[in-house]
Structures are given as C-alpha cells and as structure tokens.
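Structure, as structure tokens:
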Ligand code: CIR
C-alpha cells in the first residue's frame, strides 16, 4: 500500500478566497504556485505519491482540499463545506476519491469542513466552528462510528478550524494553542504548546517522520525540534494570506 496525497493546483481566482479573520491582502498567485510546488516536493520527500487535480478556475478556495473530505481506512466521507462558495469543490474530489474508497456524504442541513476534523488512530476530534455545525458533527459521528471511530466535539474560538488550534505529530503528541480551544479533551496527550507570539503555529503536518512547520513560526519549530522531532520549514506566505495552512493543502491516506 502506498501513501497517497491528493492535492489541487492553485487556481487563478485564489485572491477572491473566503476570509474570516484576516484582512484581504494582494496575493501573488505565481508565487503561491511556486510555494505549492515546494509543498508537493516536501510531500514526496516524506514518502507520499502526489496526485494533483486540475485547478478549479471559478472556485477560489479549491486548493484547500482538506476541507472537502474525511478519509478513513474504510470510507471517504465527502463533506458539505460550511462556506457556500466552497460547496462546488466536492464533486471533483468525490470522483478522485471514488477510485480508492467507498464514499459517504454529509447531507444538508449539516455542514462540516475537513479542517475541523483531527483523527488520531480511532479517535476523531471535531471542532464546533463557524464552518461545522451540530448536524455535521452528528452525521460524522454516525458514519465514523460504524467503523469503530469515537468522535469527540471540541469548542474552538478565534480561529477558522479545529486544526488551526491543534494538530497531532503522532498518536501521543500534539501541537496546541490553548487560547483557541477547550483543551480538556486533549488531556491524555503530550502537548507541545505553540510559542505565545506565534498564534497560528499549531497547524503542522507530520508525515514520514518529518514535522512540516510554516517558516513564519521559528520559535514553535524550535520547541518541536527540542522535543526530539525532525522538522522542515516551508514558506507558505501566499496561501497563508488566504487563511490556508500546512494540513489544508492535501488529503493524505494509504491506498
Ligand atoms: C476558507 O476560508 O475556507 C479558505 N480561505 C481557507 C481554508 C483553509 N482550510 C484549512 O485550513 N483546512
């Protein structure tokens, strides 16, 4: 079985992305494409095969494929993104994932963004956010429950998704910003706290023994290094202006 990363090419409309917390800034789409290519290189170096879908010229946020699906070992759950402008992204993702998994779907009125879903083994944490509603959490719990996964809702505040506030490095270790969520459900983990000056640093992508960190967050990177992990910094400045981060650019699973 190979490790597969599904991504999507950066589209020309990126600058018209959804923004919730950041002010709109000019985005250099050519530079975003170069940074995205470096992201692909990092995924490959970490051992993944990268399958890149064509850009969606009319869907500004389509590069952030993580939000469109939750891939479990047995099933791919196609989400219903919380932002209406993003709902058109799921059709092509569903087609791509159908080659590797049986599909299930989140149905209206439920909404769920993959960025709110953190899976650690058979445990799934799901953010109650502006993008993911109670019905979305309930449908995810029912679907994932059939495959032996336990779903725990987590309140998040002041950030877009649960994974803006916490991600996992391995089954025991998380990177967390406690100011953005209710940390109680994560009690059992060894927690590496983000540096207080690096608000958005909790979103790291651990793959193939390497923890990928945004180049904007050197202090949090140093803390992860000091905890004994190998890290790699990636410059994602243009995607970050669109409120994107490390995990949101790919759907990674065994296929
Ligand atoms: C949005 O607001 O939906 C996009 N501009 C950013 C999505 C980032 N997704 C993620 O971190 N999972």
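Just a few scattered comments:
- Once you reduce the stretch 126-140 and the stretch 169-243 to the center of their Cα atoms, the two points are 23 Å from each other.
- Taking label points 7 Å from Cα along the Cα-to-Cβ direction, residue 135 and residue 210 give a separation of 4.2 nm.
- Linear extension gain, residue 34 paired with residue 95, 0.36 nm per residue minus alpha-carbon span: 19.3 nm
- The C-alpha radius of gyration of the stretch 75-167, expressed as a fraction of 2.2 N^0.38 Å, stands at 1.02.
- Ellipsoid semi-axes in whole angstrom, largest first, where each is sqrt(5λ) of the Cα gyration tensor of the stretch 142-231: 23, 16, 11
- Cβ-Cβ FRET estimate between residue 178 and residue 9, R0 fixed at 35 Å, reported to 0.05: 0.45
- Highest to lowest packing among 110-122, 218-230, scored as the average C-beta count within 10 Å: 110-122, 218-230
- log10 of Debye I(q)/I(0), alpha-carbon scatterers only, for the stretch 64-117 at 0.15, 0.25, 0.27, 0.32 Å⁻¹: -0.34, -0.94, -1.09, -1.42
- Taking each residue as 0.36 nm, the span from residue 190 to residue 52 lengthens on full extension beyond its C-alpha to C-alpha distance by 46.3 nm.
- Percentage relative contact order, the chain, counting C-alpha pairs under 8 Å, at least six apart: 22
- Protection-proxy order for peptides 145-151, 158-164, 124-130, each taking the mean of Cβ atoms within 10 Å per residue, highest first: 158-164, 124-130, 145-151
- Protection proxy ranking of 174-182, 193-201, 47-55 - average other beta-carbon atoms within 10 Å, highest first: 174-182, 193-201, 47-55
- Cα-based convex hull volume of the chain per residue, rounded to whole Å³: 111
- Rounded to the nearest 5, the antiparallel percentage of DSSP beta bridges internal to the stretch 156-209 is 50%.
- Take the Cβ atoms of residue 237 and residue 24, set R0 to 25 Å, and the FRET efficiency comes out at 0.95.
- Mean separation of Cα pairs under 8 Å and 6 or more residues apart, divided by the residue count, gives the stretch 122-255 a relative contact order of 17 percent.
- Bridge type composition, the chain - antiparallel percent by DSSP, nearest 5: 40
- Translational diffusion coefficient (Stokes-Einstein; Kirkwood radius from C-alpha pairs) of the stretch 6-127 at 25 °C, 0.890 mPa s, in µm²/s: 159
- Antiparallel %, DSSP beta bridges [both residues in the stretch 151-255], to 5: 45
- Pairwise FRET efficiency - residue 254 versus residue 103, Cβ, R0 = 22 Å, nearest 0.05: 0.85
Coordinate-derived values only; no laboratory data. Just so you know, these numbers come straight off a predicted model, no measurement behind them. Note: ideal-geometry Cβ built from the backbone for every residue, glycine included; neighbour counts use all protein chains shown.
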